[in-house]
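See structure below.
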Amino acid sequence: MVDRAEARRIAAEGWIYGFPMLMNYRTMYKQAIDVDDPRYVGGFGRFRHYAEPFTPHDIDVTLPNSDTPFSWAWLAVRTEPYVLTVPAIDRYYVLPFHDLDTSYIGFVGSRATGTGPGTYLIAGPDWDRSTPKGVDQVFHADSYLVGVLGRTYLAGPGDVKALRAVQRSYDLRPLHTYLGTVPPPAVSHPHWPAWREDVLDSVEFFTYLDFLLHFFPVLPSEKGIRDRLASIGVDGGAPSPPRPSCARRWSRASSTAGTRWNRPTPPPTTPRAGSAPAPSTATTT
């Protein structure tokens, strides 16, 4: 049994470890899950392109780049990979794919892969099949949820039409569609917890983290922190509401009698190599 002092230390470490995942989920929920949100893109495996210069009303990202508008997409790669195909493109662009914790897994773009056409496969942690014919490169994710925040050069307001044509040429599809084969067996959809801004300041932080770790197999380099989190019940074992015993341990870990959970001050840390920039932390409506 973990005592209260050790549980609080683990909880503080877990908050720092899990914060990028929750912030990533914050954006993913609005864009790929919540059908009532105006930023909803239509679900997983679909791009949402921004072609117009940004205004103060565009708040998905804290500091948007008006000369390289964004292309967002989210992928669920538990059942099968996705395939991205791009044509020859005569302008700067980059489509960087990142894990659930925002660490980059690969780049497609004018600098990374060139300006010619190409086909790229984005696979989950346990995909170990041979590379399909016609695929130039395989990107292996460490998590079953993958994001891409692409950028494409915009020369100015008069270039919007040409930019839209380039963005529409980014072809993203499941592997079975690319191969023309039958789809893999379907899996049950998880109950996605609705995002609330107050989650970051409450014991429910660990409910969300426990849920998200279900999509993130333990990496050898992170076994220590994952074992410590498991000792207070945050083990990613099932995407469901927390067990009562776990909720009690999280409560002991994150608060003392009569006090509200306070976020720890993160010490200097070194993230996994190639981490994506954090989505906006501003409250959105």
* Any chance you could count how many residues in region 92-116 are among the charged types (D, E, K, R) and under 25 Å from residue 215 (Cβ atoms)? => 2
* Asked: Under the condition of being touching a residue at least 12 places away in the same chain (Cβ under 8 Å) and open to solvent by 20 Å² or more (accessible area, probe 1.4 Å), which residue from region 7-18 is farthest from the chain's Cα centre (by Cα)?
  -> 8
* Yes or no: residue 143 surrounded by 15 or more Cβ atoms within 10 Å (Cβ to Cβ), assigned to a loop (DSSP other than H, G, I, E, B), within 21 Å of the chain's Cα centre (by Cα) and hydroxyl-bearing (Ser, Thr, Tyr)? -> yes
* How many of the residues in region 227-250 are of a type outside the set (Gly, Ala, Ser), at pLDDT 90 or above and surrounded by fewer than 19 Cβ atoms within 10 Å (Cβ to Cβ)? -> 2
* Hey, does region 110-117 have a residue that's surrounded by 19 or more Cβ atoms within 10 Å (Cβ to Cβ) and in contact with a strand residue (DSSP E or B) (Cβ under 7 Å, 6 or more places away or on another chain)? -> no
* Filter region 183-210 down to residues that are in contact (Cβ under 8 Å) with a residue 60 or more places away in the chain and part of a helix (DSSP H, G or I) and give me whichever is surrounded by the most Cβ atoms within 10 Å (Cβ to Cβ). => 206
* What's the number of the condition residue 54 fails, among (1) surrounded by fewer than 17 Cβ atoms within 10 Å (Cβ to Cβ); (2) touching a Pro at 6+ places or on another chain (Cβ under 6 Å); (3) more than 27 Å from residue 192 (Cβ to Cβ); (4) of a type outside the set (Gly, Ala, Ser)? -> (1)
* To do: Would you check which residues across region 26-38 are more than 10 Å from residue 73 (Cα to Cα) and touching a residue at least 60 places away in the same chain (Cβ under 8 Å) and list them?
  => 26, 27, 29, 30, 33, 34
* Asked: Do we find a residue being surrounded by 18 or more Cβ atoms within 10 Å (Cβ to Cβ) and at pLDDT below 95 anywhere in region 72-83?
  -> yes
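The values are calculated or read from the model by the stated rules, or taken from the named source; none is laboratory data. Just so we're clear, the structure is a prediction, and the values are computed from it rather than from any experiment. Backbone-built Cβ (ideal geometry, glycine too); neighbour counts: all protein chains shown. We work out accessible area using only protein heavy atoms, side chains counted, and drop any ligands, DNA or RNA first. Shrake-Rupley method; radii C 1.70, N 1.55, O 1.52, S 1.80 Å.
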